[in-house]
């Protein structure tokens, strides 16, 4: 990932600065202020809202930790796509259209108009053959799930609240063989 993309992710409050080596720790104070003002760069507002809900269905809030919405996964994906090829960007827009098409097929409403249970059913349809996707909707699910997981576990929420990482590396003892002692 290029440095400017990393800095955009940190500034948007998406990427956890504490997970990065070196000087990035000093950027922690910027994240909350700029995160509240994030405006999608790639997606339209309706597409962004749909993506935000879709990622939150994939990684919902639990008793243990917040979900994808709180981790700002949709912003992570949006920023990553601003740096992607035209073909990748088209695949994401087409994928969101496929989700709405499936929602209309099953429930005669768009994905965002569905109840949470109905949205879960759409995602279940998308994930039906996750191991070997047989159609474009299933292939899109694989793509959105992968980016959701990447974004979630790169976020401060994912790292600190879900994984419970406190920023300290565990102590690893050195080799005990006498010939390796200095």
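Every number here is computed from the coordinates shown, using simple stated rules; none is lab data. Computed from a prediction, not measured in an experiment: that's the story for all the values here. Methodologically, a virtual Cβ is constructed for each residue, glycine included, from the backbone with ideal geometry; neighbour enumeration extends over all protein chains shown.
Data overview
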item: Per-pair calculated FRET efficiency, R0 = 45 Å: residue 135 and residue 41 via Cβ, rounded to 0.05; result: 0.95
item: Inter-site label distance for residue 83 and residue 142 at 7 Å from Cα along Cβ, in nm; result: 2.4
item: Two-site FRET efficiency, residue 93 against residue 150, from Cβ-Cβ distance with R₀ of 25 Å, rounded to 0.05; result: 0.85
item: Percent of C-alpha pairs per 10 Å bin, segment 38-154, short to long; result: 14, 48, 34, 4
item: Simple spin-label estimate for residue 127 and residue 112 in nanometres, 7 Å along Cα-Cβ; result: 2.3
item: Ratio of the Cα radius of gyration of segment 35-78 to 2.2 N^0.38 Å, where N counts its residues; result: 1.13
